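Notes for the one structure printed next.
The values are calculated or read from the model by the stated rules, or taken from the named source; none is laboratory data. Since the structure is predicted, the reported quantities are computational estimates derived from the model, not experimental observations. We place every Cβ from the backbone using ideal geometry, glycine too, and count neighbours over all the protein chains shown. Calculation scope for accessible area: heavy atoms of the full protein, side chains included, ligands and nucleic acids excluded. Shrake-Rupley method; radii C 1.70, N 1.55, O 1.52, S 1.80 Å.
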Amino acid sequence: MEKTIQTKMITIDPQSMDLAAIKTAGDIMKAGGLVAFPTETVYGLGADATNAKASEKIYAAKGRPSDNPLIVHISNIEALEGIVEDIPKEAYVLAEKFWPGPLTMIFQKNDKIPYETTGGMDTVAVRMPSDPIARALIDAAGGYVAAPSANTSGRPSPTTAAHVSEDLSGRIDMIIDGGAVMIGLESTIIDFTEEIPVVLRPGYITLEMLREAIGEVRIDPGLISADSKQKPKAPGMKYRHYAPKADLKVVEGETGAVIDEINRRTAELTAAGKKVGVIATEETKQAYIGGIVISIGARDDEEAIARHLYAILREFDNLEVDAIFSESFVSEKIGQAIMNRLLKAAGHQILEV
Ligand code: AMP
Ligand code: MG
């Protein structure tokens, strides 16, 4: 798509919101336009979810495959009842516990949401975000905002307004800068259209938290397997998302051995004239002797690791490195979502040492 639109950049302070600016942004969406805005997970690219033409514009601006459905954002539970059939009681339990917040739930849709928004599916994914700017904007736009991550399809999701601008400036009507996001990874997705609810994408709300709230919850086998024949049920998960431009490999093993292996490979590639990036932790960053080393945070601070991952992948893109080596992280709790995104970014290339 050509870059032809004049993109307006505005800053809104979530602590003292400029309501006139929110109204302007809402009016743009009501008229079928596109506005990027912060949420607590990542920046979203918003359009009126009830307007088929507006949803089509999202796909065009992102270069998103047309079978990859959008998440509809709402600001209150009554809005959910307006667009879906059969809400099981477990869904109300999760809404009570985790909404507003980083959880997306999938239900059968009704006619209010067009197929252009759901990538042709009879189901619709719905989330109620907690970010105050996002919530005010949803109300200003009429109550239903379709919003995938505000990145070019295939690039790491944006966690700052500058990331959005890098990808979408000239393609959308407005970008609202509300500062860096809190979480940094996309929402957890749970599908309520099956007999037993299924997690289609891990996120900040973990499998354990969901099970504790509602009992039995399955996890989509396509998520855990690196085997490409196991198709994940969330269409977006089958694409090589979150990908940096460089070849990314995750190195797994005992810490000392991981450092040695990364140092050895970095030296080898550097000698061959390649530029190498290393994703290290606070504890290990001094131990790397070559390459461009970026610390993702302290090893036991999963929230920091989640928050920094995409920005680091983008930074290595901008530095035009040829190869990236990353340490591996525990895959419990939020670590499950971190490793899901990291391994997808790496195309599941793992070096065991
Ligand atoms: P994004 O907002 O860019 O993180 O993308 C939304 C994600 O939600 C994609 O991975 C979609 O595949 C998934 N999704 C949205 N709606 C549905 C649905 N009706 N059924 C299954 N997955 C969905
Ligand atoms: Mg996305």
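Residues are listed down the side, and each one gets a yes or a no for (1) at negative phi; (2) part of a strand (DSSP E or B); (3) open to solvent by less than 10 Å² (accessible area, probe 1.4 Å):
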{"residue": "270", "(1), (2), (3)": "yes, no, no"}
{"residue": "306", "(1), (2), (3)": "yes, no, yes"}
{"residue": "311", "(1), (2), (3)": "yes, no, no"}
{"residue": "320", "(1), (2), (3)": "no, no, no"}
{"residue": "326", "(1), (2), (3)": "yes, yes, yes"}
{"residue": "331", "(1), (2), (3)": "yes, no, no"}
{"residue": "337", "(1), (2), (3)": "yes, no, yes"}
{"residue": "343", "(1), (2), (3)": "yes, no, no"}
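Based on this model, can you work out whether residue 165 counts as within 11 Å of ligand 1 (Cβ to nearest atom) and either surrounded by fewer than 23 Cβ atoms within 10 Å (Cβ to Cβ) or among the aromatic types (Phe, Trp, Tyr) (or both)?
No: the conditions fail for residue 165.
Would you tally the residues in the range 272-297 being touching a residue at least 40 places away in the same chain (Cβ under 8 Å) and either open to solvent by 10 Å² or more (accessible area, probe 1.4 Å) or farther than 15 Å from residue 316 by Cα (or both)? Looking only at that region, the number is 4. Does residue 20 fit the bill of being more than 23 Å from residue 103 (Cα to Cα), loosely packed, with under 15 Cβ neighbours inside 10 Å and out of contact with any Cys (no Cβ under 9 Å at 6 or more places or on another chain)? Considered against the rule, which asks whether it is more than 23 Å from residue 103 (Cα to Cα), loosely packed, with under 15 Cβ neighbours inside 10 Å and out of contact with any Cys (no Cβ under 9 Å at 6 or more places or on another chain), residue 20 comes out as yes.
Among the residues making up the range 54-91, a single one is within 16 Å of ligand 1 (Cβ to nearest atom), in a loop (DSSP other than H, G, I, E, B), more than 14 Å from residue 116 (Cα to Cα) and among the small types (Gly, Ala, Ser): 63. Of everything in the range 128-148 that's hydrophobic (A, V, I, L, M, F, W, C) and touching a Ser or Thr at 6+ places or on another chain (Cβ under 6 Å), which residue is nearest to ligand 1 (Cβ to nearest atom)? Among those that are hydrophobic (A, V, I, L, M, F, W, C) and touching a Ser or Thr at 6+ places or on another chain (Cβ under 6 Å), it is 146.
Condition check ((1) open to solvent by less than 30 Å² (accessible area, probe 1.4 Å); (2) acidic (Asp, Glu); (3) away from ligand 2 (no atom under 16 Å from the Cβ)) across all residues:
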| residue | (1), (2), (3) |
| --- | --- |
| 9 | no, no, yes |
| 27 | no, yes, yes |
| 38 | yes, no, no |
| 48 | yes, yes, yes |
| 59 | yes, no, no |
| 73 | yes, no, no |
| 80 | yes, no, yes |
| 84 | yes, no, yes |
| 112 | no, no, yes |
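From the set of residues in the range 219-245 that are open to solvent by 90 Å² or more (accessible area, probe 1.4 Å) and more than 16 Å from ligand 2 (Cβ to nearest atom), which is modelled with the highest pLDDT? Selected residue: 245.
Residues are listed down the side, and each one gets a yes or a no for (1) within 16 Å of ligand 2 (Cβ to nearest atom); (2) without any contact (Cβ under 8 Å) to a residue 24 or more places away in the chain; (3) within 19 Å of residue 21 (Cα to Cα):
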site	(1), (2), (3)
115	no, no, no
123	no, no, no
134	yes, no, yes
139	no, no, yes
145	yes, no, yes
154	yes, no, no
170	no, no, no
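Kindly check whether there is at least one residue in the range 92-105 that is buried (at least 18 other Cβ atoms within 10 Å of the Cβ), away from ligand 1 (no atom under 14 Å from the Cβ), among the basic types (Lys, Arg) and in contact (Cβ under 8 Å) with a residue 24 or more places away in the chain. No, there is no match, as no residue in the range 92-105 is buried (at least 18 other Cβ atoms within 10 Å of the Cβ), away from ligand 1 (no atom under 14 Å from the Cβ), among the basic types (Lys, Arg) and in contact (Cβ under 8 Å) with a residue 24 or more places away in the chain. Here are some conditions: (1) away from ligand 2 (no atom under 16 Å from the Cβ); (2) open to solvent by 10 Å² or more (accessible area, probe 1.4 Å); (3) among the hydrophobic types (A, V, I, L, M, F, W, C); (4) under 28 Å from residue 246 (Cα atoms). Residue 183 meets all but one. Which one does it not meet? (1) is the only condition that residue 183 fails. From the set of residues in the range 149-162 that are open to solvent by 10 Å² or more (accessible area, probe 1.4 Å) and within 13 Å of ligand 1 (Cβ to nearest atom), which is nearest to residue 114 (Cα to Cα)? Restricting to residues being open to solvent by 10 Å² or more (accessible area, probe 1.4 Å) and within 13 Å of ligand 1 (Cβ to nearest atom), the top hit is 149.
One line per residue, one yes/no per condition, for (1) of a type in the set (D, E, K, R); (2) over 30 Å from residue 67 (Cα atoms):
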| position | (1), (2) |
| --- | --- |
| 244 | no, no |
| 251 | no, yes |
| 259 | no, yes |
| 262 | no, yes |
| 268 | yes, yes |
| 272 | no, yes |
| 276 | no, yes |
| 280 | no, yes |
